[in-house]
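**Q** Before I ask anything, let me first share the structure, which is written out below as structure tokens.
Where a number appears in this text, it was derived from the coordinates with a stated rule and is not lab data. Note that the structure is a prediction, hence the values are computed from the model and not measured. Note: ideal-geometry Cβ built from the backbone for every residue, glycine included; neighbour counts use all protein chains shown.
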Amino acid sequence: MTDPQPDAVSRFLDDLATRGHDPLLHGATGTMRLELIDGGDTQRWTITVDKGDLRVSQRNTRPDAVMTMQRSLFEGMVKGRVNATAALLRGVLVVEGDLGLVTAFARLLPGPPRSVTTFLQRQKELADR
Amino acid sequence: MSEGLVKILDGNIFVVSADNGDIEASLTDPTGLFAFDTRFLSRWVLTVDGKQLNALSTDDLQYFEARFFLVPGTGTVYVDADLSVIRQRSVSHGFHEQLTIVNHRREPVTLAVRMEVGSDFADLFEVKDALKKKGKYSYRIEDDCLVLEYRRETFWRETWIGADKPATIDDKGLTFDVTINPQSRWSAHLRVVAGHPALPMHPKKAMREGVGMTTRATRAMAMAHNLETWLANAPTLTCDSDSLRATYHRSLVDLAALRFEAPILPRHALPAAGLPWFMTMFGRDSIFTSLQALPFAPDLAATTLRALGARQGTRLDDFRDEDPGRILHETRYGELTAFEERPHSPYYGTADATPLYVVLLDEYERWTGDTKLVRDLEFEARAALAWIDEYADLQGNGYVSYKRRNEKTGLENQCWKDSWDSISFHDGTLPGFPRATCELQGYAYDAKLRGARLARKVWRDEGLADRLEKEAADLKRRFNRDFWVEDGGYFAVALDEQGRRVDSLTSNNGHLLWSGIVDKSKARSVATHLLGKHLFSGWGVRTLAEGEGRFNPIGYHVGTVWPFDNSFIAWGLRRYGFKEEAAQIAEGILAAAEFFAGRLPEAFGGYPRAMTKYPVQYPTACSPQAWSTGAPLLLLRTMLGLEPMDDHLVVDPALPSSIGRIELLDIPGRWGRVDAFGRGRVDTARAARRSTSRG
């Protein structure tokens, strides 16, 4: 038997763990804990950023910021369907600690899939002209 | 906003009340306690024995503090009051109110003192547009506080109200049973705290820390606000003109009041855009204000660059009109933004903030020599420069243009003149989209040249510098060919979707001078138009010239005079050597400021100065408005001809004779602190006669 296909959340976090450096976070340094609630279960990751250098672990270090939400909500974020800022204002994403760090992390989330299509269409129209 | 309202503020928290301190707001009226774009109190009414009080006097002690002296009575028949009531209020996480009642009688008095409270938790957009709420209201009593609640699904906002004296609490207020001895006083300290999920401190904790420490808290707060330090750090102005001195002081104090800490960058201040509608981070407004304030308070620019950089666009998002590298237009924290009924989380629909970001970064370095910030923001600046070519050229014709992708709640006009009818042909017809407005090309040109300078000097990237300079030269050449209205002798306000010149005469020509994109051979003609009778009202340059199809002297962007616009036009005129013309604009705007007690509004009417004798305020203008507050500062710079040159500050004054003598002392910059002096020699009245006879 093979493992089931990893879901979007796992893929996103795996990708983050192997990314090494992301220039979008070059201005950010600190430790974030991501807490995803899944039924009665809470999964935790520790994401450390040092001027864009990323590390993901499940170690329990003292964080500068904690983000807590339903796993399904985070899945929406990594698929570009949920906007993190709006989620924070709605109270479905709860942040304790350094909001600047969380805002920096949110830069790694993709935009809505539809937007990319619109953009590619526009590029194509321009190319066709 | 109507007269007689008392406004106190601290960044994005502000209280607007009647002159007796009471708040009785209707949905559409901007009174109340506002924080993070939400009204947390719409009712705050003090009664003594069931009666409201009358104001004897009101003092704005500081921009964050006011005091109300009140007496009971109807105010119709004068009776010697035997009670005095004093309310002293200051803004912090909400507000504090110290309530004092003095018994002037020779016998004790027993009173029912009640504060009626209520909140509609309206989103500021709902107040502006009179919209209905979708959630549920409730209340609870916790920790001896009345907690007003609003909930919609997981969305919550709370207002906590408490006091340091025992009170009977019900759902609509707090009642104190008070006995005061003869010639004695009773005092209570009330605390109102706004509860919001993006605030770092839970309202319960803020409440516990706040109640019962009024004098200490107030003093600590006054220190935190540091108005004295702020004023002491700014250059000192001595001058012959009392009016200019007052305007300068007012500008510095208002700028201090509009300082705002974005939740993502605590302990650093950047300018919010304006009271009451725009107390938040705006890309364009924060950048323009920081540019105006550079010679006076350069730290604002540093924070603006950091905060806007931290929220620079990273992805494509049609709803928010976001692209990678794009600088945001507007951030909001209210309910409509939370539920994505509005796109301000943040909204990116502006075509000018991104090139202006690079302009500010370079101008900041030229003044301060802070190359560290330029290195820290290299990634952001490069992304902004890349946006100009990769995402802003919607038509593939080499010009920056805009067309919203969010067609429901996005902005149609993504330039500073953002109202629906601001861009029009001479005959009044509105062009289609995308629109390439002229000033956007100027900003893009300037951004490329300034980006090249930073690339060469700080990032050590000769290749990028060469490429940007080549692109800028090419843009300038094409622009002077494609936008020039030959028979008018000025630049068209835009190219429409078919590349046709949108041929109305507008103030945008002044921004073109500021950017440097105008060919030297065309500059004289442009300057003559700016000071000519169709554009120049005598107070300033109108947004749209008299004689154009849509001209209206009290139309928002189609005929009014904007002080901010004029300050950049004056800068542009100086850039091309038109010192006297720049002085003429400074004279007009600063004379107008005198009629507004030194606080220039967002805009005023474009009637001829000779006709009205005083500037007519635009009906719903915001005040104070950050970039209007910054206008006198930039005009001081242009009058004195201040220009950083390597490690020196060049001073080349050209002052209106009506201003007299000016000394601006301790101007901060890479040179340490230097002084600038000037004496008025430009006869603006004569110059005005000369230019209006042309025009």
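**Q** Tell me, what does the Kirkwood hydrodynamic radius of the range B:382-539 come to in angstroms if you use every pair of distinct C-alpha atoms?
**A** That comes to 16.4 Å for the range B:382-539.
**Q** Quick one: length gained pulling B:Asp652 to B:Asn552 fully straight, 0.36 nm per residue minus the C-alpha distance?
**A** Value of the extension gain: 32.3 nm.
**Q** Would you list the P(r) distribution for the range B:429-487, with all Cα-Cα distances sorted into 10 Å bins from 0 and each bin expressed as a whole %?
**A** All Cα pairs, binned at 10 Å, distribute as 22, 40, 24, 11, 3 percent.
**Q** Continuing with this model, one more query. Give me P(r) over the range A:8-128, computed from all C-alpha to C-alpha distances, binned every 5 Å, as integer percentages.
**A** Cα pair-distance distribution for the range A:8-128, in percent: 2, 11, 19, 23, 20, 11, 6, 4, 3, 1, 0.
**Q** Taking H as built 1.01 Å from N, whose amide H comes closer than 5 Å to the amide H of B:Asp675, not counting residues under 5 places away?
**A** Here B:Asp666, B:Ile667 satisfy the definition.
**Q** Okay, helix-only estimate at 222 nm for chain B: each DSSP H run of n ≥ 4 adds -39500 (n - 2.57), divide by all residues, round to 500 deg cm²/dmol; what do you get?
**A** -10000 deg cm²/dmol
**Q** Lysines near B:Lys579 by alpha-carbon distance under 18 Å, same-chain residues fewer than 8 away left out - which ones?
**A** B:Lys520, B:Lys522
**Q** How many partner chain Cβ atoms sit within 10 Å of a residue's Cβ in peptide B:314-326, on average, as a whole number?
**A** Partner Cβ neighbours, averaged per residue: 5.
**Q** What are the membrane-span-like helices in chain B by this rule: whole DSSP H runs, Cα extent along the axis at least 20 Å, mean Kyte-Doolittle hydropathy at least 0.5?
**A** Going by DSSP H runs, the hits are B:626-640.
**Q** Restricting things to alpha carbons, tell me how big the range B:147-192 is in terms of Rg and Dmax, in Å.
**A** Every Cα atom of the range B:147-192 included, Rg and Dmax give 15.2, 53 Å.
**Q** Where both partners of a DSSP beta bridge lie in the range A:8-128, what percent of those bridges are antiparallel, to the nearest 5?
**A** DSSP beta bridges in the range A:8-128 are roughly 75 percent antiparallel.
**Q** While we're here: Could you list log10 I(q)/I(0) for chain B at q = 0.08 Å⁻¹, which the Debye formula gives when each Cα is one point scatterer?
**A** For the requested q values the scattering log ratios are -0.64.
**Q** Which distance in nm do the two modelled labels at A:Asp14 and B:Ser57 give, with both placed 7 Å along the Cα-to-Cβ direction?
**A** 7.5 nm
**Q** For the range B:22-91 and the range B:542-616, what is the centre-to-centre distance using only Cα atoms, to the nearest Å?
**A** Computed from Cα coordinates, the inter-centre distance equals 37 Å.
**Q** Can you give the FRET efficiency to the nearest 0.05 for A:Arg59 and B:Gln498, using r as the Cβ-Cβ distance and R₀ = 56 Å?
**A** After rounding to 0.05, the efficiency reads 0.40.
**Q** Please report, for the Cα atoms of the range B:446-553, the Rg to one decimal and the Dmax as a whole number; what are they, in angstrom?
**A** 16.4, 50
**Q** Next question, about the same structure. Classify the protein assembly as shown as rounded, prolate or oblate from the Cα gyration tensor: take a ≥ b ≥ c as the square roots of its eigenvalues, call it rounded if a/c is under 1.5, otherwise prolate when a/b beats b/c and oblate if not. Don't skip to the end; give the middle numbers.
**A** Details: a/c = 1.83, a/b = 1.15, b/c = 1.59.
Oblate shape, in that a/c is at least 1.5 and b/c is the bigger or equal ratio.
**Q** What whole-number distance in Å separates the alpha-carbon centres of the range B:441-478 and the range B:154-193?
**A** Between the Cα centres of the range B:441-478 and the range B:154-193 lies a distance of 61 Å.
**Q** A further question on this structure: For the range B:6-225, take N as its residue count and report Rg(C-alpha) divided by 2.2 N^0.38 Å.
**A** After normalising by residue count via 2.2 N^0.38 Å, the value is 1.00.
**Q** Within the range B:6-225, how many lysine pairs that are 8 or more places apart, or on different chains, have C-alpha atoms less than 22 Å apart?
**A** Pairs that pass both the separation and distance tests number 12.
**Q** Which order do peptides B:497-509, B:315-327 fall in by mean Cβ count within 10 Å, highest first?
**A** In descending order of packing, they fall as B:315-327, B:497-509.
**Q** Which trypsin sites (Lys or Arg not before Pro) in the range B:595-695 sit in a loop by DSSP (not H, G, I, E or B) and have at most 13 other Cβ atoms within 10 Å of their own Cβ? Don't jump to the answer; show the numbers that get you there.
**A** Working: sites: B:Arg599, B:Arg609, B:Lys613, B:Arg637, B:Arg661, B:Arg670, B:Arg673, B:Arg679, B:Arg681, B:Arg686, B:Arg689, B:Arg690, B:Arg694; in loops: B:Arg599, B:Lys613, B:Arg670, B:Arg694.
Answer by residue number: B:Lys613, B:Arg694.
**Q** Would you kindly state how much longer the chain becomes between B:Thr371 and B:Arg453 on full extension, computed as 0.36 nm times their sequence separation minus their alpha carbon distance, in nm to one decimal?
**A** The B:Thr371-B:Arg453 span can extend by a further 28.3 nm.
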